[in-house]
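> A single structure is presented below for examination.
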Amino acid sequence: MDNVASLLIKHDLYEQVETAVYGELKAHADEVMQALREWPVGTAKRVGAYGCVMLSRVKSRRMLRMSSLAMSSDQYDNTLLHEVAHIIAWLVFDARGHGYYWRRMAALIGVDLYMEHDPKFMESIAAHRVKKTKLVALCPSCDKKWHRMRSFSKRKTWWCPSCKTRLHTF
Ligand SMILES: [Zn+2]
Ligand SMILES: [Zn+2]
């Protein structure tokens, strides 16, 4: 499995992180770099998130996830650094979220805090949603169809809003 350090190397970001960490977090630098070498990398499941990170004292629960949807390489790099800043802020300062310590660490390792949303990523989300949509209900009377990502709840009865017939749900 990939780890955060090897992903940083692959994206030419390792040196900038390492230099910043050894420059500013001297007493914690070894611990931080060691954690990045052990921190596993996976794929983000939530559509719409560029990436996310699971922070835990239990090493087996640690994970950094990157979206598998297409995004610009600038966006990918910035997302990776954004998540790494979470890891460092949490390891060194026990800080979660996007508060003071995260912003300090983000600035330290070179996260662009003002990057615009990536249009390429927005397009791939839209495409992904279309692909995932399925026929979830149809009206047997007027033939109106409903296409959604998720099925209608089976615990409820659904009625056609136009002709008040009970819908077939799938
Ligand atoms: Zn974040
Ligand atoms: Zn109908």
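The values are calculated or read from the model by the stated rules, or taken from the named source; none is laboratory data. The model shown is predicted, which means the values in this text are computed figures rather than measured ones. Cβ atoms come from the backbone with ideal geometry, glycine included; neighbour counts cover every protein chain shown.
> Looking at region 135-170, which of the residues that are among the aliphatic types (A, V, I, L, M) and over 23 Å from the mean Cα position of the chain (by Cα) is surrounded by the most Cβ atoms within 10 Å (Cβ to Cβ)?
Across region 135-170, the extreme among qualifying residues is L167.
> Additional query: Can you tell me which condition P40 does not meet? The list is (1) without any contact (Cβ under 8 Å) to a residue 60 or more places away in the chain; (2) within 16 Å of ligand 1 (Cβ to nearest atom); (3) closer than 29 Å to R129 by Cβ, and all the others hold.
Of (1) without any contact (Cβ under 8 Å) to a residue 60 or more places away in the chain; (2) within 16 Å of ligand 1 (Cβ to nearest atom); (3) closer than 29 Å to R129 by Cβ, only one is false for P40: (2).
> Output the number of residues of region 84-123 satisfying the condition of being among the hydroxyl-bearing types (S, T, Y) and modelled with pLDDT under 95.
1
> Turning to a different aspect of this structure: Could you list all residues from region 70-100 that are part of a loop (DSSP other than H, G, I, E, B), surrounded by 16 or more Cβ atoms within 10 Å (Cβ to Cβ) and within 14 Å of ligand 1 (Cβ to nearest atom)? Before you say what the answer is, go through the steps one by one.
In the first step, residues of region 70-100 are kept if they are part of a loop (DSSP other than H, G, I, E, B); the result is 70-72, 94-99.
Now restrict to residues that are surrounded by 16 or more Cβ atoms within 10 Å (Cβ to Cβ): 71, 95.
Within region 70-100, just A95 meets the criteria.
> On the basis of being of a type in the set (K, R), under 29 Å from G51 (Cα atoms) and surrounded by 11 or more Cβ atoms within 10 Å (Cβ to Cβ), does K132 make the cut? If you could, list the steps in order and put the result at the bottom.
On the way: of a type in the set (K, R): yes; under 29 Å from G51 (Cα atoms): yes; surrounded by 11 or more Cβ atoms within 10 Å (Cβ to Cβ): yes.
For K132, the condition - of a type in the set (K, R), under 29 Å from G51 (Cα atoms) and surrounded by 11 or more Cβ atoms within 10 Å (Cβ to Cβ) - is met.
> I've got another one for you. When you scan region 38-59, how many residues do you find that are under 16 Å from W102 (Cβ atoms), part of a strand (DSSP E or B) and either over 8 Å from the mean Cα position of the chain (by Cα) or within 16 Å of ligand 2 (Cβ to nearest atom) (or both)?
Qualifying residue count, region 38-59: 1.
> May I ask you to list the residues in region 146-170 that are outside any loop (DSSP other than H, G, I, E, B) and either touching a Ser or Thr at 6+ places or on another chain (Cβ under 9 Å) or more than 28 Å from A127 (Cα to Cα) (or both)?
W146, H147, R148, W159, R166, T169
> Inspect all residues belonging to region 113-122 and state whether any of them is within 14 Å of ligand 1 (Cβ to nearest atom) and more than 17 Å from the chain's Cα centre (by Cα).
no
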